[in-house]
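Trainee: Structure provided below as structure tokens; questions to follow.
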């Protein structure tokens, strides 16, 4: 009678220390990946890290120089660099959706009525209904984070980037990891392969329905079918960086395989605020001058006013916001 | 809490574990064992308090200082008057639901051809049936008092460990009990899932006649997350803030401002509003000054910008992360 089940590597039988958060385990002796039920799992890939501390410093410098050029950021200091291997599931599917509905829109038409003296043109708006019967057929790769209920800084962006770079992934090799990515904080997946497939499927459904709703005013029917074409477990190296400027901390995330900045925060300095406030005021002044010289034309002041208001809406936001988030 | 002992199945070393513990790692041979008889127990985790009081104050001050018009010496002058540390319960539930539905769906016939469409549409009903079958993850806030800030906070579950009441005691934190037990949490998540399917059904059908569903909870755990509730004094006023003790993120804080900031916002608003009012005056009196339509620009831009300045300038709450910013990929 055994009440207790012990975890062992299915490949080399070495005992395993299992973390409560994991759904995939890597044996410390032979590196073989296995699932919680003890089955061997081979679809484990990794995006190889190409960065080191020095390159990280260069990327941060370049990012601040390029994206923060109007801010006068001098004398920032990198205070914390944490490299992690983030677990992702890439669910590849062949998806097919058929949807039916209609699109309603208005067309403007002009026509001439009357004759002789009473001849005039009338503009009228016509409501038109266009039936829609369309198909979506695509091969997809949906990316999801292998952690439950969690989110990481720049999550939505990193999914897009992993999708784009997924083809560069190589077979996961435990020995190589020990040698090259030793400093990395290794995170395994909490989501098992079946749940990953299910969540991936939900993704495809939601996405295709959203596409259908975008194409139609009203969707009558929308049905999706899909076949799974392989599910891969991919580790991506993400460098999380904190830097300090004037005693305040800002964060950045960089993908270690290509050096792309996933997302970064930038300080909003007083210079930056003043620039945007001046822009707002100048714009208003410019609109005033234009309106003054073309004051006999009614549409010039109206357009000038709207343009100044719309642009001012955003420039004022830059004047007041606490920090910028750029990707 | 009662303690049980078992023998390590690998090396026969004696192991002790608490009543609610489901996994144990042998300190001698490092084999992890799972106790099968405890399957009914909730997997219960906690996030450790990574930030101590001093560090959390630094995080709070750092976030406030990013705003314009705050006192610059805040690192020294901010005075914490009250500080509570509480662990709040969240259930994380993965639900699979298969819904079979029958009803009447709409379809349309079009008539009266016009360019690439039709002028007339008439909709009819026809019997329709289908299946929704998907899996989603729900985060269920399980504390009794509803705190909207904590309800909408984008939690992080990284670095969780098995819950230990001792650890909460050590940092003098209250543990807020969950109002749901395991089954209620599952039901709550299943109901949220049903709502989603109901929404989808209403998109497909005009009348729902028959629904059969089969829920299946694929995973559930309870997680206690530490939050700091802080009352502080700055710039001569009382303020409140909530911070996440595990990640140091600011859930919400009110932002203390200096008087000069209010003066600046006031001047700016007056300037824009002045241009707006002058514009209205000129537009109405256009014939009098022979200015014609000159004033219209000011009436539009000035008033909108004055409103925007007030809206942004008076905003006194700051949240570091928010849930709603989801981009569908």
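Trainee: Against the condition in contact with a helix residue (DSSP H, G or I) (Cβ under 9 Å, 6 or more places away or on another chain) and within 30 Å of residue B:101 (Cα to Cα), how does residue B:204 come out, does it pass?
Mentor: Considered against the rule, which asks whether it is in contact with a helix residue (DSSP H, G or I) (Cβ under 9 Å, 6 or more places away or on another chain) and within 30 Å of residue B:101 (Cα to Cα), residue B:204 comes out as no.
Trainee: Residues that are closer than 16 Å to residue B:45 by Cα: find the helices (runs of 4 or more DSSP H) completely inside the stretch B:97-209 holding 2 or more of those.
Mentor: So the answer is B:165-170, B:182-204.
Trainee: Restricting attention to the stretch B:185-202, does a residue exist that is in contact with a strand residue (DSSP E or B) (Cβ under 7 Å, 6 or more places away or on another chain), over 25 Å from residue A:148 (Cβ atoms) and modelled with pLDDT of 90 or more?
Mentor: Yes; the residues of the stretch B:185-202 include at least one that is in contact with a strand residue (DSSP E or B) (Cβ under 7 Å, 6 or more places away or on another chain), over 25 Å from residue A:148 (Cβ atoms) and modelled with pLDDT of 90 or more.
Trainee: Which of the following residues is more than 13 Å from chain B (Cβ to nearest Cβ) and surrounded by 19 or more Cβ atoms within 10 Å (Cβ to Cβ): A:75, A:114, A:68?
Mentor: A:68
Trainee: Select from the stretch B:152-173 the residues that are within 22 Å of residue B:241 (Cα to Cα), surrounded by 13 or more Cβ atoms within 10 Å (Cβ to Cβ) and more than 14 Å from chain A (Cβ to nearest Cβ) and list them in ascending order.
Mentor: Listed by number, the residues that qualify are B:168, B:171, B:173.
Trainee: Filter the stretch B:54-74 down to residues that are within 25 Å of residue B:312 (Cα to Cα) and surrounded by fewer than 17 Cβ atoms within 10 Å (Cβ to Cβ) and give me whichever is nearest to the other protein chains (Cβ to nearest Cβ).
Mentor: Out of the qualifying residues, it is B:72.
Trainee: While we're on this one: Within the stretch A:145-164, how many residues are more than 10 Å from every other protein chain (Cβ to nearest Cβ) and at negative phi?
Mentor: Number satisfying all stated conditions: 6.
Trainee: Could you tell me which numbered condition residue B:320 fails, if it satisfies all but one of (1) over 20 Å from residue B:69 (Cα atoms); (2) modelled with pLDDT under 85?
Mentor: (1)
Okay, residues lined up against (1) at the interface with chain B (Cβ under 10 Å from one of its Cβ atoms); (2) under 23 Å from residue A:94 (Cα atoms); (3) under 39 Å from the mean Cα position of the chain (by Cα); (4) at pLDDT 85 or above:
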{"position": "A:123", "(1), (2), (3), (4)": "no, no, no, no"}
{"position": "A:127", "(1), (2), (3), (4)": "yes, no, yes, yes"}
{"position": "A:133", "(1), (2), (3), (4)": "no, yes, yes, yes"}
{"position": "A:137", "(1), (2), (3), (4)": "no, yes, yes, yes"}
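Trainee: Evaluate the following for residue A:249: is it in contact with a helix residue (DSSP H, G or I) (Cβ under 6 Å, 6 or more places away or on another chain), within 24 Å of residue B:158 (Cα to Cα) and not assigned by TED's automatic domain parsing to the domain that holds residue A:24?
Mentor: Criteria met by residue A:249.
Trainee: All but one of (1) assigned to a helix (DSSP H, G or I); (2) at pLDDT 90 or above; (3) within 12 Å of chain A (Cβ to nearest Cβ) hold for residue B:253, so report the exception by its number.
Mentor: (1)
Trainee: Out of all the residues in the stretch A:15-22, is one or more modelled with pLDDT under 75, within 26 Å of residue A:156 (Cα to Cα) and out of contact with any strand residue (DSSP E or B) (no Cβ under 7 Å at 6 or more places or on another chain)?
Mentor: Checked the stretch A:15-22: at least one residue is modelled with pLDDT under 75, within 26 Å of residue A:156 (Cα to Cα) and out of contact with any strand residue (DSSP E or B) (no Cβ under 7 Å at 6 or more places or on another chain).
Trainee: Also: Could you list, in sequence order, the residues of the stretch B:114-148 that are more than 9 Å from every other protein chain (Cβ to nearest Cβ), more than 21 Å from residue A:98 (Cβ to Cβ), out of contact with any helix residue (DSSP H, G or I) (no Cβ under 6 Å at 6 or more places or on another chain) and at pLDDT 90 or above?
Mentor: B:122, B:142, B:143
Trainee: Do we have any residue at all in the stretch B:234-246 that's surrounded by fewer than 19 Cβ atoms within 10 Å (Cβ to Cβ), under 22 Å from the mean Cα position of the chain (by Cα) and away from every other protein chain (no Cβ under 13 Å)?
Mentor: yes
Trainee: Quick check on residue A:315: is it assigned to a helix (DSSP H, G or I), surrounded by fewer than 22 Cβ atoms within 10 Å (Cβ to Cβ), within 10 Å of chain B (Cβ to nearest Cβ) and in contact (Cβ under 8 Å) with a residue 24 or more places away in the chain?
Mentor: yes
Trainee: If you don't mind, there's one more thing I want to ask. Which residues, taken from the stretch A:282-306, are more than 7 Å from chain B (Cβ to nearest Cβ) and either in contact (Cβ under 8 Å) with a residue 24 or more places away in the chain or surrounded by fewer than 16 Cβ atoms within 10 Å (Cβ to Cβ) (or both)?
Mentor: Within the stretch A:282-306, A:282, A:283, A:285, A:286, A:289, A:293, A:297, A:299 qualify.
Trainee: Here's something else I'd like to know. Give the residues of the stretch A:174-197 that are at pLDDT below 75 and in contact with a strand residue (DSSP E or B) (Cβ under 8 Å, 6 or more places away or on another chain), sorted by residue number.
Mentor: Within the stretch A:174-197, A:174, A:177, A:181 meet the criteria.
The values are calculated or read from the model by the stated rules, or taken from the named source; none is laboratory data. Just so it is clear, the structure is predicted and the values come from calculations on it, not from any experiment. A quick note on method: Cβ atoms are made from the backbone with ideal geometry, for glycine too, and the neighbour counts reach across all protein chains shown.
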